1. Right, residue 168: under 23 Å from residue 387 (Cβ atoms) and over 24 Å from the mean Cα position of the chain (by Cα) or not?
2. If only one of 25, 54, 46 is away from the ligand (no atom under 16 Å from the Cβ), modelled with pLDDT under 95 and under 24 Å from residue 387 (Cβ atoms), which one is it?
3. Restrict the check to region 37-58 and report whether at least one residue is touching a helix residue (DSSP H, G or I) at 6+ places or on another chain (Cβ under 6 Å), closer than 29 Å to residue 392 by Cβ, buried (at least 20 other Cβ atoms within 10 Å of the Cβ) and in contact (Cβ under 8 Å) with a residue 12 or more places away in the chain.
4. Exactly one condition in (1) under 18 Å from residue 334 (Cα atoms); (2) touching a helix residue (DSSP H, G or I) at 6+ places or on another chain (Cβ under 6 Å); (3) touching a residue at least 60 places away in the same chain (Cβ under 8 Å) is not met by residue 246; state its number.
5. Looking at (1) outside any loop (DSSP other than H, G, I, E, B); (2) within 16 Å of the ligand (Cβ to nearest atom); (3) buried (at least 24 other Cβ atoms within 10 Å of the Cβ), which is the one condition that is false for residue 118?
6. Would you be able to say whether some residue in region 146-159 is farther than 24 Å from residue 263 by Cβ, in contact with a helix residue (DSSP H, G or I) (Cβ under 7 Å, 6 or more places away or on another chain) and surrounded by fewer than 22 Cβ atoms within 10 Å (Cβ to Cβ)?
7. On the given criteria, is residue 213 crowded, with 16+ Cβ neighbours inside 10 Å, more than 26 Å from residue 358 (Cβ to Cβ), away from the ligand (no atom under 16 Å from the Cβ) and under 22 Å from the mean Cα position of the chain (by Cα)?
8. Within region 383-402, can you find the residues that are closer than 21 Å to residue 39 by Cβ, touching a helix residue (DSSP H, G or I) at 6+ places or on another chain (Cβ under 6 Å) and more than 11 Å from the ligand (Cβ to nearest atom)?
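The values are calculated or read from the model by the stated rules, or taken from the named source; none is laboratory data. What you see is a predicted model; the values in this text were computed from it and never measured. Don't worry about glycine lacking a Cβ; one is built from the backbone with ideal geometry, like all the others, and counts go over all protein chains shown.
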Ligand code: GLY
């Protein structure tokens, strides 16, 4: 009896230690998630207070003097604030967040008819698209279907793409964009896939697929980096220009543009199971995560090619003005969320690589360097994003969509590691 016990004892203790280590490790694994949501709660309480009963001013960023910058209902970021409130509810299950999430979602109702630009997908799918996961209210469904109909109005079968912006001048007034389509537009396609699913009408899905095909053809370079803007001839569908608005130069890779591409092609693959879209998502992801200029903490600079030889900006770049080169935490938040989903569509080493890289990004974002644990501002969770540096607009500031995709990625990571 004693002899038997002695034989088993060391093994017993080894197994116990392993279990303990695993338990500590899995606790530590989700510590950064809990810490991030706990840090977020008082900040969003403050944000809620600034807009109490208003439902007109949508938190967007901070002005250089540290005051809050709001955008109005018709601008592209209105859906992120309600979306954040849905994610707070999803994580905490606290009624308070549900109440605010519903109220802010409902405030966007009139946007279902917005045809002024392509951003209706961002505005309505990040708000109503989240709402409907928790509350299958037929009214929400109708609003999403009408939003998809509005988006279709910007589609031209001649071009095979949804027009992002109305006719405008390019950066530096070099030329005119008659029919500009931007990489970001890939993010609006989820709304169309949803509309086809719930109506049974394939028109929405058909347009989404055509748009993704054209983007694959005209926005992606041989090395799997991406152009931000492609301008088409609306009469013939011919590509006229491949340029940028928010990136460093026309031939550079704007970090958030690449991030939108990874996310957009991953979700398009989810909805179509078309291998071409998966291959594209993989190619864009590999470009991003293997890039020699991606810093060690995996949070990219705002563009991968800032100030490099062979990249000539169409704006007045002063290398001394922005030192050190600003990062874009929003691009990392979007990419981490996309990589987590992409990791579920591939196997073996690739799956591990995408999941581990996303984890590294999330750990960086939830460290003091990026997470607002030091009350750097009273409202936003993440610091150090860049909206539009070439226009000297929103440089190294918090941005509402960085918070949105960060929370989404944390929830995705939690789900992925829950089994
Ligand atoms: N879709 C606009 C941006 O990413 O800045």
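1. yes
2. 54
3. yes
4. (2)
5. Result: residue 118 passes all but (1).
6. For region 146-159, residues farther than 24 Å from residue 263 by Cβ, in contact with a helix residue (DSSP H, G or I) (Cβ under 7 Å, 6 or more places away or on another chain) and surrounded by fewer than 22 Cβ atoms within 10 Å (Cβ to Cβ): present.
7. Details: crowded, with 16+ Cβ neighbours inside 10 Å: yes; more than 26 Å from residue 358 (Cβ to Cβ): yes; away from the ligand (no atom under 16 Å from the Cβ): yes; under 22 Å from the mean Cα position of the chain (by Cα): yes.
Judged against the criteria, residue 213 is a match.
8. Once the filter is applied, which keeps residues that are closer than 21 Å to residue 39 by Cβ, touching a helix residue (DSSP H, G or I) at 6+ places or on another chain (Cβ under 6 Å) and more than 11 Å from the ligand (Cβ to nearest atom), region 383-402 yields 384, 400.
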